[in-house]
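Have a look at the structure below, then the notes.
The values are calculated or read from the model by the stated rules, or taken from the named source; none is laboratory data. Predicted model, so just to flag it, every value in this text is computed and none were measured. Cβ sites come from the backbone with ideal geometry, for glycine too, and all protein chains shown count toward neighbours. We work out accessible area using only protein heavy atoms, side chains counted, and drop any ligands, DNA or RNA first. Shrake-Rupley method; radii C 1.70, N 1.55, O 1.52, S 1.80 Å.
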Amino acid sequence: MATPEGAASEPELVSIPATPHGLSTPEGAASEPELVSIPATPHGLSTPEGAATPTTGGDGGGGGRSSKGGGGGGGTPGRRVVDGLRGYLEEVGHLTRLDPRDAWLPVTESRGGNARYAAFHSLNAGLGFQALLLPLAFPGLGWSWGVISLTIAYFWQLYTLWILVKLHEAVPGRRYNRYVELAQAAFGEKLGMWLALFPTIYLSAGTATALILVGGETMKLFFQIVCGPLCSPSPITTVEWYLVFTSLAVILSQLPNLNSIAGLSLIGGATAIMYCTMSWVLSVSQPRPATVSYDPVKSASFGTSLFSTLNALGIVAFAFRGHNLALEIQATMPSTFKHPAHVPMWRGTKVAYLLIAMCLFPVAVGGYWAYGNMMPPGGMLAALYAFHSHDMPRGLLAMTCLLVVLNCLSSFQIYSMPVFDSFEAYYTGRTNRPCSPWVRLGFRVFYGFLSLFISVALPFLSSLAGLLGGLTLPVTFAYPCFMWIHVKKPERFSFSWYLNWGLGLLGTAFSLAFSLGGVWSIVSNGMKFKFFKPPN
């Protein structure tokens, strides 16, 4: 094809404004515009119908006209350059400035993600041990309100997840690869960090600590079931089981980036589905305890009843997690104009959350039907062992415990990855070079055993489901709605404006109320905070 007369044969250089990365611009980051070399595109490259032509500042308005407009193939050389550039971008991808240090960090190191990986990661992040605690909410809510609350919470969090997926690339030329980055873009640099930092840190580091508690105690229970009377009392203490679990988790954490743990996420999601299904199937298939009751728990006063209800709703909110990882998961995918990352991300998350619904609702309803108000504080797994350890084969109980352990090991990896990313981002920002294998190993070993120390120091952490559900609720139910208003700026008093303001304010109010309900539950139950005294 002939080259238009006067057109340059050299690659075009397009100046792209620098885009800040992360919480702050690392030292040594380039402040000058980045030059991207784009091969010259022959005139006449086909353009999808209806695509808008980019505007140019010095074209006298001609560059802003549609390619369908007058001039056809005989436009000016400047017009032909713009048309060719547009076609190239639509074929190749976004003209997005990426900080070169993104290629050194665990979240953005690999951009080979797809819809399958998104489904694996979303399922592993969204379904876990907290599902087994759902029947504890029903004694305070009753049958009707328990199911209604669970249904509303499910669709509410599904809507806010959709918001996060759409906001990942809401600003042209920028990808918000981390939850805190999007919060800063929406609320401002300082306010966004303060609002999002604590709940996301807890949901990453705090969940990893809770996984050590649950995983270690379940490993001990698995050992007792398999070994039976021969190993009573257990020769290994609970703290030693925590150490065993942490050591296995640290070994697995040496996988370098988020895409590299896709196989572990598949194992984690599959085991979660299996033990959730086994827990409610085994429970409803056995005779119910003779003294089972479904009568709402009667309280001495209205205030007591109110706080009990709020604590129950906090347990429901605690069951829905994973939103703090949605942007990180989407960051692992390539994105172009023709194939934006939000399409495979949403396709994968829809599959994952359909499977999550098929697990959460049967566990909640089946567990409450089987045990009623007699549900022990440890949830479904503790109920199976307490009521049916002599009624069913030990192999089934042992298999359920083993599946929980495998799920906890897999979930530890995906929830720890943002923390690893933060460690390495700080290191690369200070040194302007990637982490060596030994530095990366040191960060991950340090983090694993720091989580172990917290687990031993705060062994009651997993009993604070209602309180923790309230404190972290804004990340799932409130912040995404406010982010949509600040970034997308819907028309005032439109349906979208009312919907997001209403859900955001309601989520914030629920967060405060559920936190108070969790504190009341701790006080009324007389929980004793025994530091450095895990169960034997």
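Compute the relative contact order of region 353-480 as a whole-number percentage, counting only Cα pairs closer than 8 Å that sit 6 or more residues apart in sequence.
About 12 percent, as a whole number.
Compute the length gained on full extension between residue 433 and residue 171: take 0.36 nm times their separation in residues and subtract their Cα-Cα distance, giving the result in nm to one decimal.
Details: separation 262, 0.36 × 262 = 94.32 nm, distance 2.84 nm.
Result for the pair: 91.5 nm of gain on full extension.
Could you sort 201, 273 by accessible area so the largest value comes first, with the probe set to 1.4 Å? Can you show the working numbers first?
Working: 201 90, 273 45 Å².
Correct descending sequence by accessible area is 201, 273.
Using a 1.4 angstrom probe on the protein heavy atoms only, could you order 339, 486 from most to least accessible area?
On the way: 339 135, 486 80 Å².
Correct descending sequence by accessible area is 339, 486.
Which value, in Å² and to the nearest 10, is the accessible area of residue 174 when all protein chains are kept and the probe is 1.4 Å?
So the heavy atoms of residue 174 present about 40 Å² to solvent.
Heavy-atom accessible area of residue 166 with all protein chains present, probe 1.4 Å, nearest 10 Å²?
Approximately 70 Å² of residue 166 is accessible to the 1.4 Å probe.
Considering only protein heavy atoms, with the full assembly of protein chains and a 1.4 angstrom probe, order 385, 154 by accessible area, largest first. The partial results should precede the final answer.
Working: 385 90, 154 20 Å².
The ranking, largest first, comes out as 385, 154.
Keeping all protein chains in position, work out how much accessible area residue 104 exposes to a 1.4 Å probe, and write it in Å² to the nearest 10.
Here the accessible area works out near 70 Å².
Taking a ≥ b ≥ c as the square roots of the eigenvalues of the Cα gyration tensor of region 138-253, is the shape rounded (a/c under 1.5), prolate (a/b larger than b/c) or oblate? Please list the in-between numbers first.
Details: a/c = 3.22, a/b = 1.69, b/c = 1.91.
Verdict is oblate for region 138-253.
Work out how much length residue 509 to residue 251 would gain on full extension: take 0.36 nm times their residue separation and subtract the Cα-Cα distance, in nm to one decimal. Before the final figure, lay out the partial values.
Working: separation 258, 0.36 × 258 = 92.88 nm, distance 4.13 nm.
Taking 0.36 nm per residue and subtracting the Cα distance, the gain is 88.8 nm.
Mind checking the full-extension length gain between residue 489 and residue 226? Use 0.36 nm per residue of separation minus the Cα-Cα distance, one decimal, nm.
Between residue 489 and residue 226, full extension yields 88.8 nm more.
Classify region 387-502: rounded, prolate or oblate, from the alpha-carbon gyration tensor (a ≥ b ≥ c, eigenvalue square roots; a/c under 1.5 rounded; otherwise prolate if a/b is larger than b/c)? Each step should come with its number before you reach the end.
Details: a/c = 2.60, a/b = 1.21, b/c = 2.15.
In terms of gyration-tensor shape, oblate.
Which net charge results for the neighbourhood of residue 141, defined as the other residues with beta-carbon distances under 15 angstrom from its beta-carbon, given Lys and Arg at +1 and Asp and Glu at -1?
Details: positive: 298; negative: 295.
After counting each charged neighbour, the total is 0.
Using the Cα gyration tensor of region 358-452, with a ≥ b ≥ c the square roots of its eigenvalues, what is the shape: rounded (a/c below 1.5), prolate (a/b larger than b/c) or oblate (neither)?
On the way: a/c = 3.92, a/b = 2.86, b/c = 1.37.
Note, shape of region 358-452 comes out prolate.
Can you run phi through the Karplus equation (6.51, -1.76, 1.60; θ = phi - 60°) for region 137-147 and list ³J(HN,Hα) in whole Hz, with x for Gly and Pro?
Couplings: 7, 6, x, x, 10, x, 4, 5, 5, x, 5 Hz.
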